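The values are calculated or read from the model by the stated rules, or taken from the named source; none is laboratory data. What you are looking at is a predicted structure, and each value in this text was computed from that prediction instead of being measured. Cβ atoms come from the backbone with ideal geometry, glycine included; neighbour counts cover every protein chain shown. Accessible surface areas use protein heavy atoms only, side chains included; no ligands, DNA or RNA. Shrake-Rupley method; radii C 1.70, N 1.55, O 1.52, S 1.80 Å.
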Amino acid sequence: MGTEKDPQFVKFRGIVKKYGDVTAVAKMDLDIPEGALVTLLGPSGCGKTTLLRMLAGLEEPTEGDIIVNGNRINDTPIHKRNLGMIFQNYALFPHKSIFDNVAFGLKYRSVSRDQIREKVKHALEVVRLPGVENRKPAQLSGGQQQRIALARAIVIEPDVLLMDEPLSALDENLREDMRREIDNLQRMLGVTTIFVTHDQREALSMSDKIVVMRDGLKLQEGDPETVYNKPANHFVADFLGHSNFLPGEVVGQDDENVRVRIETGDVLLARHRGSWKQGDAVELVVRAQRFEAHRQSHFQPTEGMNSFAGRIKDKSYMGGEVSYFIELPSGREIHVISMMRTRTYDYGDEVSVQVAPYHCHLIGREPEE
Ligand SMILES: Nc1ncnc2c1ncn2[C@@H]1O[C@H](COP(=O)(O)OP(=O)(O)O)[C@@H](O)[C@H]1O
Ligand SMILES: [Mg+2]
């Protein structure tokens, strides 16, 4: 018999969680590869926390199996699961010293006092706060307290690190620093990590894999580039990045591109990904950064590029870039984010909008909700 190791360290199989009539998690199948940082991304209420709590043993699944390192753990009590957990509110014990806070997770393990001292010291070094053992949480900043929570989670050398929106209590700048720090630390330790967030930038910047969720369902999973550039549906495209949606109909295709007639009557080319046939109702998804606006009077379309006419309806200056809302002859508005280069446009300017077929992604049009 082969003893090949399953690269999937954590597996959710057919997991359902119901609270009365509310289905918090619906038939979830999910694999977490060993050593990876996987992000659960989705709006509030989509079931992210519930999924983590079931893995942690704080909730029981209504149906399904949870497997860690080859073992079904549904019936394993919390303290035997060896998981490190960090939550939004760091939940340090305010009256205990930092030492006692970090050592807390070791309390119920057979670890000698000397070993505890050594492990706490090491964990504080890892989170780059050496020597704070005797302080109280209130004597540390918010960011430092969050690092203590991190030290407490890793001191037990967990099989899996669970982080539930750990950065949302921090302010913007600090959040960015902590995000990089968690990312580096996770890679250094190589610990399998599930990171929950509703912030797409957090998810895109640190994940090996992103799982986009809505209403207790997994809508798409993949590495950040795939999920961002090849969204499977409207919700995912809308949730990640500034997306424009142009409804249209497939009118033809060749090996490279699909031809789509949009509401204005213009026929645009979209790079072939997936299988489409003539007459399909589709949406053409284009990121706001991918459109280029050109002054109409001077404009010569570039060979192989899509172009169509519009008029500047609104603009806002955002420092490094300008955000335009451009009205098409059909009345639909598109959002264009332009890096400040040579010129800017004003209200009422007639423009030609250009976009490469490569940056046009097709998804099926869903019935109106
Ligand atoms: N203890 C509970 N009792 C009843 N409903 C709950 C409970 N916990 C979560 N829910 C419901 O389950 C759904 C998913 O919640 P949650 O997992 O907290 O979502 P998220 O973490 O993605 O914001 C929500 O509709 C929420 O109201
Ligand atoms: Mg939550």
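Some observations on this one:
- Relative contact order computed over the chain (Cα-Cα under 8 Å; 6+ residues apart), in percent: 15
- Cα point-scatterer Debye curve for the chain, base-10 log of I(q)/I(0) at q = 0.11, 0.13, 0.14 Å⁻¹: -0.87, -1.05, -1.14
- For Thr62, distant residues with modelled amide H under 5 Å away: Val16, Lys17, Lys18
- Taking each residue as 0.36 nm, the span from Asp238 to Met188 lengthens on full extension beyond its C-alpha to C-alpha distance by 14.7 nm.
- Computed from Cα atoms, the angle from the helix 172-189 axis to the main principal axis of the chain rounds to 60 degrees.
- Model label zone, Tyr347; criterion: amide N under 11 Å from point 7 Å along Cα-to-beta-carbon; scope the range 297-317: 313-315
- Sorting Lys107, Lys119 by solvent-accessible area of protein heavy atoms yields Lys107, Lys119, largest first, with a 1.4 Å probe.
- Point-to-point label distance, Ser168-Glu303, nm (Cα→Cβ direction, 7 Å offset): 5.2
- Using alpha-carbon coordinates, inclination of helix 142-154 to the longest axis of the chain, degrees: 60
- Among the listed pairs Lys17/Lys230; Lys5/Lys209; Lys121/Lys209, those whose Cα-Cα separation exceeds 26 Å are Lys17/Lys230; Lys121/Lys209.
- Accessible solvent surface per residue of the range 8-235, calculated while the other protein chains remain in place, 1.4 angstrom probe, Å²: 47
- To the nearest ten degrees, helix 113-126 and the longest principal axis of the Cα atoms of the chain are 20 degrees apart.
- Where trypsin sites (Lys or Arg not before Pro) fall in DSSP loop in the range 298-363, at most 15 other Cβ within 10 Å: Arg341, Arg343
- The GluC sites (Glu not before Pro) found in the range 205-261 that occupy coil by DSSP, while having at most 15 further C-beta atoms within 10 Å, are Glu256.
- Calculated FRET efficiency for the pair Val267/Arg13, C-beta based, R₀ 41 Å, to 0.05: 0.35
- Accessible surface area normalised per residue over the range 242-364 is 51 Å², counting heavy atoms of protein chains with a 1.4 Å rolling probe.
- A Cβ-based charge dipole, computed about the Cα centre of the chain with Lys and Arg at +1 and Asp and Glu at -1, lands at about 1320 debye.
- The chain, accessible surface, carbon-and-sulfur percent (1.4 angstrom probe): 46
- The dipole here belongs to the range 242-364: it is taken about the Cα centre, uses +1 on the Cβ of Lys and Arg and -1 on the Cβ of Asp and Glu, and is about 220 debye.
- Annotation: lysines with alpha-carbon distance below 20 angstrom to Lys80 (same-chain offsets under eight excluded): Lys11, Lys107, Lys119.
- The sum of -39500 (n - 2.57) across all DSSP H runs of n ≥ 4, divided by the residue count of the chain, sets its helix-only mean residue ellipticity at 222 nm to -6500 deg cm²/dmol.
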